[in-house]
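The structure appears right after this line, and notes come after that.
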Amino acid sequence: MEDYLRSQNWNAKYVNINSKSTTSLDLNYRKVNDKLLLNEGEDEIISGRFNRRGSFLKRHILQSFSFSTGNSRELKREFIYLPVNTGEGTHTWRDNNNDGIQDLNEFFEAINPDERNFVKIFTPTDEYITSFQTFYNTSIDAKMPMKWRSQGGIKSLLSKLSGNFYYNVNYKTTSKSLNDRLNPFVIQLRDENILFAQNSKRYTLFFNRNGRGFAGDFTFQNSDNKQLLVQGFELRERRKWINNFKIDLSKEYTLRMTASFENFLNTSDFLDSRNFEINSYSYFPQIIW
């Protein structure tokens with residue numbers, strides 16, 4: 001018998017709980033000497049996580065915050081299209097160059113049910129890239145003081161305002177800059193150092209939320225996705241604006257209206273057919289009895 005793995009581990013943890021907030025911090029450092037799996041013999045893994053939940057101004061502001069970071073490895077992937085029963089797939093094949101060969105750039109998202117003959121399958125490879133991963137998640141709920149409603153004037157109007165803020169970032173980078181590794185607000189998805197990214201943002205402003213009479217809200221949503229494939233990168237960017245309002249015409253009838261605008265941009269390093277931009281509008285009126 002012979003030793004093949006030796007590791008050293010350090011861990012530090014801090015927790016603070018009080019009536020208004022809960023805070024925790026967890027730091028880890030691991031040094032591994034693996035003669036079989038690691039070609040270089042040694043590997044260092046650094047990771048940490050910070051969580052906080054709390055309230056401010058007599059619980060008129062509720063906040064949740066989570067931040068974690070550490071070493072990571074990103075797996076290169078490739079995708080193929082597999083035939084399925086008609087109507088059960090998501091894509092269709094069109095032989096653009098009439099050579100009878102199903103090239104990757106000849107598959108398109110199907111609209112009609114009779115064209116949905118293929119599904120897109122991601123398959124892993126055995127290629128890894130060492131990177132640094134950061135995860136950031138925060139949400140804030142805010143509302144005006146309820147006691148303002150009975151005071152009349154501008155305060156009564158402002159008391160009907162409330163808002164929600166949600167921000168989620170998860171990315172992997174090979175950048176040597178400490179600011180790029182730890183600051184999620186400076187990342188640029190088109191930066192070649194970013195190997196993987198999933199970003200989601202949502203901002204909503206409410207007026208008279210869950211109240212009778214006139215009520216409305218305005219929402220902006222932003223979701224981005226970047227992934228590393230064998231042939232290169234593929235990037236998706238979505239922007240959506242949503243406006244809702246409702247009016248109670250009486251105790252029995254309510255009028256509702258939803259209007260939205262969405263911008264969808266897809267960028268690919270290796271497939272021209274995957275470079276496109278779509279703008280869409282929708283209007284959805286309702287009368288509720």
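Its residue count N sets the reference 2.2 N^0.38 Å, and the alpha-carbon radius of gyration of region 1-146 equals 1.73 times that reference.
Per residue, the Cα convex hull of region 143-194 amounts to 106 Å³. 3J(HN,Hα) along region 80-85: 10, 10, 10, x, 9, 4 Hz, from the Karplus curve 6.51 cos²θ - 1.76 cosθ + 1.60 with θ = phi - 60°, whole Hz, x for Gly and Pro. Could you list the residues of region 204-233 with an amide nitrogen less than 14 Å from a label point located 7 Å from the Cα of LEU189 in the Cα-to-C-beta direction? Those under the cut-off are 221-228, 233.
Candidate cross-link partners of LYS13 among the lysines, defined by an alpha-carbon separation under 24 Å and a same-chain spacing of 8 or more, comprise LYS31.
A 1.4 Å probe, protein heavy atoms only, puts the accessible area of GLU2 near 150 Å². Neighbours of TRP10, meaning other residues whose beta-carbon lies under 14 angstrom from its beta-carbon, give a summed charge of +1 when Lys and Arg score +1 and Asp and Glu score -1.
Applying both filters, DSSP loop and at most 14 other Cβ atoms within 10 Å, to the GluC sites (Glu not before Pro) of region 170-249 gives GLU192. A DSSP coil position with no more than 12 other Cβ atoms inside 10 Å describes the following GluC sites (Glu not before Pro) in region 84-186: GLU88.
Taking amide H positions as modeled 1.01 Å from N, with prolines and chain starts lacking one, the residues under 5 Å from MET144 and 5 or more places away or on another chain are LEU161.
If r is the Cβ-Cβ distance from TRP241 to GLU109 and R0 is 25 Å, what FRET efficiency results, to the nearest 0.05? Please report the intermediate quantities before stating the final value.
Working: r = 23 Å, r/R0 = 0.93.
Calculated transfer efficiency: 0.60.
Largest first, how would LEU157, LEU62, LEU178 line up by accessible area (1.4 Å probe)? Walk me through the intermediate numbers first.
Values: LEU157 90, LEU62 65, LEU178 120 Å².
Greatest to least solvent exposure: LEU178, LEU157, LEU62.
Each residue of region 181-198 was assigned a 3J(HN,Hα) from its phi angle through the Karplus curve 6.51 cos²θ - 1.76 cosθ + 1.60 (θ = phi - 60°); the sequence is 6, 10, 9, x, 7, 10, 5, 10, 4, 7, 5, 5, 6, 7, 8, 8, 7, 9 Hz, with glycine and proline shown as x. When you filter the trypsin sites (Lys or Arg not before Pro) in region 120-207 for DSSP loop state and at most 12 other Cβ atoms inside 10 Å of their Cβ, you are left with LYS176, ARG190. Stretched out straight at 0.36 nm per residue, the stretch from THR22 to PHE56 would grow longer than its current Cα-Cα span by 11.0 nm. Across the chain, the mean sequence separation of Cα contacts (distance under 8 Å, 6 or more residues apart), normalised by length, yields a relative contact order of 11 percent. Compactness check for the chain: Cα Rg over 2.2 N^0.38 Å is 1.34.
The values are calculated or read from the model by the stated rules, or taken from the named source; none is laboratory data. Because the structure is predicted, anything quoted here is derived from the model rather than measured. Quick reminder, even Gly has a Cβ in these numbers, built from the backbone with ideal geometry, and neighbours come from all protein chains shown. Areas reflect the complete protein model, heavy atoms only, side chains present, ligands, DNA and RNA absent. Shrake-Rupley method; radii C 1.70, N 1.55, O 1.52, S 1.80 Å.
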